[in-house]
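The values are calculated or read from the model by the stated rules, or taken from the named source; none is laboratory data. Note that the coordinates shown come from a computational prediction; the quantities given were computed from them, not determined experimentally. As a convention, Cβ positions derive from the backbone with ideal geometry for all residues, glycine included, and neighbour counts pool all protein chains shown.
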Amino acid sequence: MVFVLGLGGTTAWALDRFVIEHVEISDVALYEAENSTTTTSAEPTATATTEPVLTATSYTSDAATVSISTVVAGTGADTVTYYVADVELTDATALRSAFAQNSFGENIIDLTSSIAAENDAIFAINGDYYGFRDTGIVIRNGVIYRDEPARDGLAFSLDGTVEVYDETTTSAAELLAAGAWNTLSFGPSIVEDGQIVAGIENVEIDTNFGNHSIQGEQPRTAVGVIDDNHLVFVVVDGRDTGYSAGVTMTGLAEIMQGLGATTAYNLDGGGSSTMYFNGAVINQPSNGGERETSDILYVGAAS
């Protein structure tokens, strides 16, 4: 996300809009425990019947298998480096979401690695930075947090399916009743039915002040769907000539298509793009270190 703080009379507004925390729910863990109507088997300590297996590039438990690979393509100034996490779930609820500081609201942020560590994640990526805006449908871990339809969202369902949908044609309650487990509200959708979506280079994620889609070659984060309960997550590094220039939105779609994704969806990118595995950030975020964000998607470690 990129924003500019205004000067003069707009400074107070800009600080309130983009910097000052607005906490709506101060204890997300308690809120989910009190409001969840879904019986999950995603807690590793409750479901594991065999010891998890962890290597430098993979993790296998009764809940999920995560395989990590690094791809370097091109040469010289055209070099692109990206990280791929192939994730197969035994239960859709093994893929969970977590918020910064265990709180829900606007401008509440923390490092992806810190949020991951606090939730005992073995694997995590940055999410959709829901806290930058007050629109979108936000369902996380089977609980409704926000119902302000605005754009194309991505819905992960309890049956293992993942679909792009138009938020403006439904509601959070209808999605939850239909089996939604997690939703993301960012975009755009970049691959549909195995084909690259036309016009994605010109899509603006939001039209409010200071928050527009970053065009050109940039760091990127995306999630793709291979099959039910089989997902692929990609983080592309960028803004570092000779190591990784980044990719355009179409370039990201080509990567996802090449990995076999029939559906793919763009998440918050730029300095936010972060992949975490086994206690460490494995990519090189473009800010010279991690940028704080509002949420993550993760797979928990079995104990």
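A count restricted to the range 1-46 and to residues that are touching a helix residue (DSSP H, G or I) at 6+ places or on another chain (Cβ under 7 Å) and modelled with pLDDT of 90 or more stands at 4.
Of the residues that make up the range 229-237, is at least one within 20 Å of V66 (Cβ to Cβ) and surrounded by fewer than 18 Cβ atoms within 10 Å (Cβ to Cβ)? So far as the range 229-237 goes, yes, one or more of its residues are within 20 Å of V66 (Cβ to Cβ) and surrounded by fewer than 18 Cβ atoms within 10 Å (Cβ to Cβ). If we keep just the residues of the range 242-289 that are more than 15 Å from V72 (Cα to Cα) and without any contact (Cβ under 8 Å) to a residue 24 or more places away in the chain, which is farthest from the chain's Cα centre (by Cα)? For the range 242-289, the residue satisfying everything is G288. For R146, the criteria (1) more than 24 Å from V225 (Cα to Cα); (2) touching a Phe, Trp or Tyr at 6+ places or on another chain (Cβ under 9 Å); (3) free of Cβ contacts under 8 Å to residues at least 60 places away in the same chain; (4) not in a strand (DSSP E or B) hold in every case but one, which is (4). Taken together, the residues in the range 76-113 that are more than 12 Å from D295 (Cβ to Cβ) and small (G, A, S) amount to 6. Looking at T81, T55, T90 in this structure, which one is at pLDDT 95 or above, surrounded by fewer than 18 Cβ atoms within 10 Å (Cβ to Cβ) and more than 27 Å from A33 (Cα to Cα)? Result: T55 is the single residue among T81, T55, T90 that is at pLDDT 95 or above, surrounded by fewer than 18 Cβ atoms within 10 Å (Cβ to Cβ) and more than 27 Å from A33 (Cα to Cα). None of I137, I115, I122 is crowded, with 21+ Cβ neighbours inside 10 Å and outside any strand (DSSP E or B) except I115. Checking each residue in the range 161-177 for being within 20 Å of I205 (Cβ to Cβ) and out of contact with any strand residue (DSSP E or B) (no Cβ under 7 Å at 6 or more places or on another chain) picks out T168, T169, T170.
Return yes or no: is A63 free of Cβ contacts under 8 Å to residues at least 40 places away in the same chain and of a type outside the set (S, T, N, Q)? So A63 does not fit the description; no. Looking only at the range 140-178, residues that are touching a helix residue (DSSP H, G or I) at 6+ places or on another chain (Cβ under 7 Å), among the hydrophobic types (A, V, I, L, M, F, W, C), surrounded by fewer than 19 Cβ atoms within 10 Å (Cβ to Cβ) and within 20 Å of T93 (Cβ to Cβ) come to 2 in all.
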